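S.K.: Please see the structure below; I have some questions.
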Amino acid sequence: MKQVFNDIPQEEYMLSGHTACPGCSAALSIRHATKALGKETVFVITACCFSIISGQLPLRTFELNVFHCPFPSAASTGSGLKRGLAAMGDTTTQVVVLAGDGGTFDIGLQGLSAAAERNEDIIFICYDNEAYMNTGMQRSSATPFGSKSATSPAPKVKENPKKDIMKIIEAHAIPYAATATVAYPKDLLAKFQKAKTIKGFRFFHILCPCPPGWGVESDQTVELSRLAVETGVFPLYEVENGEVTLNVTPQTLRPVADYLGSQRRFSTLSAEDISKIQATIDRSWQALLNRSNTAEIQEG
Amino acid sequence: MLPRCSETVAIPYKIGSGTVPVLVNKTGDWRFLTPSRHEKNAPCASACPLHSGISIWIDRVKEGDWQGAWAAVSRYNPFPAITGHVCYHFCENDCSRNHYDQSIAVGELEKEIGLWRLRKFASGEKLPVGRKLPIRVAVVGSGPAGLACAYYLAMLGLEVTVLEKQPVAGGMLALGIPEYRLPRNVLEQELAVLRSLGVVFRNGAELGRNITLAQLREDYQAVFLATGAGKEKKLNVPGEENPGVIGALEYLAMVHLGKKLPDFHSILVVGGGNAAVDAACTARMNGARVALAYRRTRDVMPAHDDEVRSAEEAGVQFLFQVQPDKIYSKSGTQTVVLSRTQSSRRGERISTVPNSSFNLACDLVIVATGQDADLSIAGEESLSFNGQSLITNLPGVFAGGDLISGPATVAAAIGAGREAARAMAAYLEIDQSTPDGPIIASIYNDSIPVAEYETLNPSIFPKQGRAVSPETEAGRCLSCGRCNRCGVCWVFCPDMAVAGVEFDINLDYCKGCGICAKECPGGVLEMGVIDSGTENHHR
Amino acid sequence: MEQKIITGNQAVAHAVRLSKTQVVSAYPITPQTTVMETLAEMWAAGEYTGEYVNVESEYTALSYCIGAAYAGARAFTASSAHGLAYMHELIHWAAGARLPLVMTNANRAMGAPWCIESDQLDSLSQRDTGWIQFYCANVQEILDTVILAFRLAEEVHTPVMVCYDGFYLSHTYEAVNIPSPEVISQFLPNPRTQALFDLQTPTNHHGLVGSEAMSQLMQVRFKAMARVFDRYNLLNTQYAGITRRSYPAVEYSGPENAKTLFVTAGGMAQTIKSFFSSTEREEALVRIKMFRPFPMEDIRRYLAQSHVERIILVDRNVCMGVGGIFAQEVRAALAGLSGLPEMVELNLAGGLDLTPELLSKALLAVQEGEKMIWAVNLL
């Protein structure tokens, strides 16, 4: 391990025994995030799967202090906590807000936008499993076009595309925003390590495939995280003060069907739907390439 | 939060706060399938005529542990510097990384270890031999099979004598393989290593001529016959007996022994194997114009593709689908009558195209249409062997290498020598274990399945070509089928259920998600139903 | 100590400043806005030295304070009406998390339709959230109550909402004694300078619990709330020792053997008091300052007396289908007692101004036997 992974810290800040579903890529992503964030970190967790994963009292999953907060208040509670610490002279403890896509794209958007606008000195992590998974897979504005959900059952699958949260965040001109998936753990870690050194509002958008929600096997989550990147469904990039850097730039994108195919939530997609999705991805990928300062195209 | 003032209501935890580690939840109860390690044969080791434990010694190179790498590789192959130069590296053809980016440079790494060892030797470091046993053994033939066998027997502490009919030791390594493929100083250093181990070489001793098998059986407690396949096949065409027509091995031996040859301006080589190509290249390097005639097409040539390509680059002219019918010799010029053939596939009968014959004039015709073993070595003894094993009908007499298999590769010959040493040690009831591990690696088990290529994660294993630094290049090895503690399972466990330096799976917490098995680059981890006490959900 | 002519909202700002508050989250809403404007001016002038954060909603205003209180900081915000309603889930959360927050509320009517007048339904709707609630009667009391509230909140780990009438108090100038910081520091300890949590002691705060644990937590909170009366009386006495000003949870004024009692809360008490002094009347006044926890004992002591023949319950709010909310609470406090006096409600819902003239008319209506007198019908 020292050879392949000597850049991944050994320390664990999450404990075995937590109650995430088998194969949960959100638990895995946050595990790696905490490795980069380290001991001087306080989590603020809004209503989401981590309300469960972090442990039912008297238990705790994290080797860190965790504060829970009501659903829409993730960014504001986190900001308040950070500001409270600052008022007491503690300027080093990292306050990290953890929210799902519901708590970010939907109910938490107002507070998130405001905290970003105030450039609050916190890290906001959106782990995006593309629906309200903790309540049983209801559609959110992060649910992609054509996906089934408990509240968009076939044939009334979701008609609208997924909200582009990164563009919304970018519009706030914050110092740092990045996408990540746990299929690229070193990239994810490096981004958190970088974010730690930056003052101000830092935003992470982590795509987290969800076995029960997406209708995939529990061993597929890392593979799907990777496919999402390789197909251009979820490009890995950073935005630092407006400068876009693509972190993974495949020479050619894999066809999106490779990504959609194994997910039961997309089982009702027609060939026409898939080519529509492909066209959308091709467009947005090109747009991202055009505004990225990554000069050289590199392989994976 | 802190306890509230004077609130001492009997509840088992502080108000509104959880402080008990969640470790009390034994989530292993959730599991339906359990990951476990199933080691498999690596594709490289499977393809290797020596079945070298490539990933084992590559692991050592990765760590920069050259001593460890030498110790590991030498259990399979005592001459990595030689095979590093001459082996066609079938391992690289079957390397899983070919499915992804580029195979591991096994040959180069092997050569590096071998050269490291030779440098150490040159600086005075001898190989440790733990014991000396008063047991005399003979090895007949100093080709790669004989030398390998001699090495292992010497390491086992035996008194080894190698008998060689030629004035130089090395067999094909000395007389067959062109110098551009194997620098002779490498061979000389390897021979010096063997001499330092106490191996005695007796040149000019030819079995069946000036020594007999019966005598050897009397003088030595065990004998290994590795006389190779040096009897060249004939073309069976009129005019073949002319002095302007010689065998490829004969030609190569003359060149390598430094015999004075006439200046041949034009040479025709007949044949399509490695010997043909080696002879053609050697002739070309000696200044002749060289044509090579092969009766089938290029794609089915038995010679290794790399060799053919370098022959083409060297300017050897290839004539495909032709075969000689007759050879006329007149005042030093050979006129070969060739016909066009129709066959292209190997094994198919050759038929000539009617009225297609044409003449080709040259100074020398080199015939390289194959070799047979010379079985006259047994003399009075009735020697027989079955081609499958190394033992013969005569107790204490073993045989291997090209003698048994027919012309094969250097690696296969070394492998045969090693296995002969193993068999002889068993026959002589010599324990080959040492405190630092066995002298000879354990027997390759081909009943174990060969690991298949697993889709790789480019984040962990970036797509990249071969690296310049051996350590980095070794780091590209996926260790197919063998857990090399790479830690991918540790990285991708959402339940922190893989831990420790050995990456043991903690079944108290493993939920059986299967990510570790899916992501395992070596294909070692597999999911399955394991009947264990922790899997109580079936109750 | 200095005396200044200031409004109720400015009094709040002075109290927040004097309390060395560390985090203030600000969002405007009429009639609270000038609290935050005054604090902003103090902040700009360097008189208020804590964090001052302009947030985007009342929802964030309170969740920001919750975060700050998680850290252990002394935090404050203010609101009114719809702002308070928008915070509702957080009001519950702050109490459940036992955070010592102080929030002021300038009472204002709840729409629809839009109305900024001083109805109390906004804060009374937050009755069941678990906060301590005070209703102030004058500007001086607002200042003093905010300071008392910080100490009380931090001692009983329960947030305090200090309410006062929008415009009638929030925008009315009165002469107010502003204590010096030295005086306040004798009463209110300095805020924390270290986080409440410890990085070395990982803890999962306010996460998921089951029904049994929740019930136990509720019981703990219930018992903590019951101790608020004693604690408040003690603090009030202490504060009075320093400032010579005392604010009992329930205030009685007027002749001891009065046959008719007015019961009310907030600024209307001042009007009733001045009505008495100008007309030398026989009635007495019972003012409810502390609404949560509800001071049942005090209410019974003052109201369930044999010489009391009639109680006039004056509410500037109404619970549809029931009546005035203070009235309900008083009736509940007296429930089960025998020989209770006649109870009449005078209701000024919608934020009507209680004038001496209106009081006179109301008393006539009482004598005519009306039980539910809508003040609006007497205008």
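S.K.: With θ set to phi - 60° and the Karplus curve 6.51 cos²θ - 1.76 cosθ + 1.60, what are the ³J(HN,Hα) couplings of the stretch C:251-257 in order, to the nearest whole Hz, using x for Gly and Pro?
M.R.: 10, 10, 9, x, x, 5, 9
S.K.: Expressed in whole Å with the largest first, what are the equivalent ellipsoid semi-axes of the stretch C:133-197 derived from the C-alpha gyration tensor as the square root of 5 times each eigenvalue?
M.R.: 25, 16, 9
S.K.: Output the DSSP H helices from chain B with an along-axis C-alpha extent of no less than 15 Å and a mean Kyte-Doolittle hydropathy no less than -1.0.
M.R.: For chain B, where a helix must reach 15 Å along its axis and average at least -1.0, the hits are B:106-122, B:144-155, B:184-196, B:274-285, B:410-427.
S.K.: I would also like to ask the following. Once amide H atoms are placed 1.01 Å from N in the peptide plane, what residues at a sequence separation of 5 or more from C:Ile311, or on another chain, have their amide H within under 5 Å of its amide H?
M.R.: When sequence neighbours closer than 5 places are left aside, the close amide H contacts are C:Leu261, C:Glu342, C:Met343, C:Val344.
S.K.: Which is the longest run of chain C containing none of the trypsin sites (Lys or Arg not before Pro) found in DSSP loop states (not H, G, I, E, B) with at most 11 other C-beta atoms within 10 Å?
M.R.: On the way: sites that count: C:Arg244, C:Lys371.
Answer from the scan: C:1-243.
S.K.: How large is the convex hull of the Cα atoms of the protein assembly as shown per residue, expressed in Å³ as a whole number?
M.R.: That works out to 236 Å³ per residue.
S.K.: A further question on this structure: When ranked by the protection proxy of mean other Cβ atoms within 10 Å per residue, highest first, what sequence do the peptides B:465-478, B:306-319 form? Before the final figure, lay out the partial values.
M.R.: Details: B:465-478: 17.5, B:306-319: 15.9.
In descending order of packing, they fall as B:465-478, B:306-319.
S.K.: Using +1 at the C-beta of Lys and Arg and -1 at the C-beta of Asp and Glu, which of B:Asn242, A:Val97, A:Pro212 has the Cα lying farthest in the positive direction of the dipole of the protein assembly as shown?
M.R.: B:Asn242
S.K.: Also, quick follow-up: For the stretch B:341-426, which GluC sites (Glu not before Pro) are in a loop by DSSP, counting at most 15 other Cβ atoms within 10 Å?
M.R.: Taking the stretch B:341-426 and a limit of 15 other Cβ atoms within 10 Å, the loop GluC sites (Glu not before Pro) found are B:Glu348, B:Glu380.
S.K.: List the trypsin sites (Lys or Arg not before Pro) in the stretch A:172-279 that DSSP assigns to loop (not H, G, I, E or B) and whose Cβ has at most 14 other Cβ atoms within 10 Å. Which are they?
M.R.: Details: sites: A:Lys186, A:Lys191, A:Lys194, A:Lys196, A:Lys199, A:Arg202, A:Arg226, A:Arg264, A:Arg265, A:Lys276; in loops: A:Lys199.
Loop-located and lightly packed - A:Lys199.
S.K.: For B:Pro78, what charge total do you get from the other residues with a beta carbon under 10 Å from its beta carbon, if Lys and Arg give +1 and Asp and Glu give -1?
M.R.: Its environment carries a net charge of +2.
S.K.: Considering only B:Tyr453, B:Gly417, B:Gly523, whose Cα is most displaced toward the positive end of the charge dipole of the protein assembly as shown, charges sitting on Cβ of Lys, Arg (+1) and Asp, Glu (-1)?
M.R.: B:Gly417
S.K.: How shielded is C:208-218 by partner chains, expressed as the average number of their Cβ atoms within 10 Å of its Cβ atoms?
M.R.: 4
S.K.: I've got another one for you. Please average, across the residues of C:194-201, the number of beta carbons from any other chain that are within 10 Å of each residue's own beta carbon, and give a whole number.
M.R.: 6
S.K.: Cα centroid distance between the stretch B:67-110 and the stretch C:283-359, in Å?
M.R.: If we compute the Cα centre of each part, the gap is 96 Å.
S.K.: Treating the Cα atoms of the stretch C:250-378 as identical point scatterers in vacuum, please give the log10 of the normalised Debye intensity I(q)/I(0) at q = 0.09, 0.11, 0.13, 0.14 Å⁻¹, two decimals.
M.R.: Cα-only, vacuum Debye calculation for the stretch C:250-378: -0.22, -0.33, -0.47, -0.55.
S.K.: Which values, in whole Å and largest first, are the semi-axes of the equivalent ellipsoid of chain A obtained as the square root of 5 times each eigenvalue of the Cα gyration tensor?
M.R.: Taking √(5λ) for each eigenvalue gives 29, 22, 19 Å, largest first.
S.K.: At a threshold of 8 angstrom on Cα-Cα distance, excluding pairs fewer than six apart, so keeping six or more, what relative contact order does chain C reach in percent?
M.R.: On the way: 761 pairs, mean separation 61.1, N = 379.
Relative contact order, chain C: 16 percent.
S.K.: Sticking with this one: Starting from the alpha-carbon convex hull of the stretch B:233-370, give the projected area averaged over all orientations, in nm².
M.R.: 7.8
S.K.: Give me the one-decimal Kirkwood hydrodynamic radius in Å for chain C, with the sum taken over alpha-carbon pairs. Intermediate values should be presented prior to the final figure.
M.R.: Details: mean 1/r = 0.0472 Å⁻¹.
Over chain C, the inverse of the mean reciprocal pair distance is 21.2 Å.
S.K.: Which residue, B:Ala283, B:Gly347, B:Pro302, has the largest displacement toward the positive end of the dipole of the stretch B:233-370 when charges sit on each Cβ (Lys, Arg +1; Asp, Glu -1)?
M.R.: Ranked along the dipole, the leading option is B:Gly347.
S.K.: Turning to a different aspect of this structure: With +1 on each Lys and Arg Cβ and -1 on each Asp and Glu Cβ, how big is the dipole of the stretch B:370-456 about its Cα centre, in debye rounded to the nearest 20? List each step's numbers first, then the result.
M.R.: Values: 2 positive and 12 negative charges, 12 e Å.
Charge dipole of the stretch B:370-456: 60 debye, to the nearest 20.
S.K.: Cβ neighbours within 10 Å, averaged per peptide: list A:282-289, C:60-67, B:388-395 in order, most packed at the top. Let's see the in-between values first.
M.R.: Values: A:282-289: 13.6, C:60-67: 32.5, B:388-395: 15.6.
Top of the packing list down: C:60-67, B:388-395, A:282-289.
S.K.: Within chain C, which complete DSSP H helices have Cα atoms spanning at least 18 Å along the helix axis and a mean Kyte-Doolittle hydropathy of 0.0 or higher? Display every interim value, and only then the final one.
M.R.: Numbers: long enough: C:58-71 (20 Å, 0.62); C:139-156 (25 Å, 0.93); C:211-226 (22 Å, 0.09); C:228-243 (21 Å, -0.12).
Membrane-span-like by this rule: C:58-71, C:139-156, C:211-226.
S.K.: Relative to the Cα centre, what is the charge dipole magnitude of the stretch A:1-157, using +1 at the beta carbon of each Lys and Arg, -1 at the beta carbon of each Asp and Glu, and rounding to the nearest 20 debye? Intermediate values should be presented prior to the final figure.
M.R.: Details: 11 positive and 13 negative charges, 66 e Å.
Computed charge dipole of the stretch A:1-157: roughly 320 debye.
S.K.: Another question about this same structure. Could you check what % of the DSSP bridge pairs in chain C are antiparallel, to the nearest 5?
M.R.: Numbers: 12 of 49 bridges.
About 25 percent, rounded to the nearest 5.
S.K.: Give the average, rounded to an integer, of partner chain Cβ atoms located within 10 angstrom of each Cβ in C:50-61.
M.R.: The mean count of partner-chain Cβ atoms within 10 Å per residue comes to 5.
S.K.: Rg and Dmax of the stretch C:57-110, using alpha carbons, in Å: what are they?
M.R.: Rg, Dmax (Cα atoms, Å): 10.5, 34.
S.K.: Another question about this same structure. Just how large is the dipole of the stretch B:233-370 about the Cα centre, in debye to the nearest 20, putting +1 at every Lys and Arg Cβ and -1 at every Asp and Glu Cβ?
M.R.: The dipole magnitude comes to about 340 debye.
Read-outs throughout are calculated quantities, based only on the coordinates presented, and are distinct from any laboratory measurement. Note that the structure is predicted; figures quoted are calculated from it, not measured. As a convention, Cβ positions derive from the backbone with ideal geometry for all residues, glycine included, and neighbour counts pool all protein chains shown.
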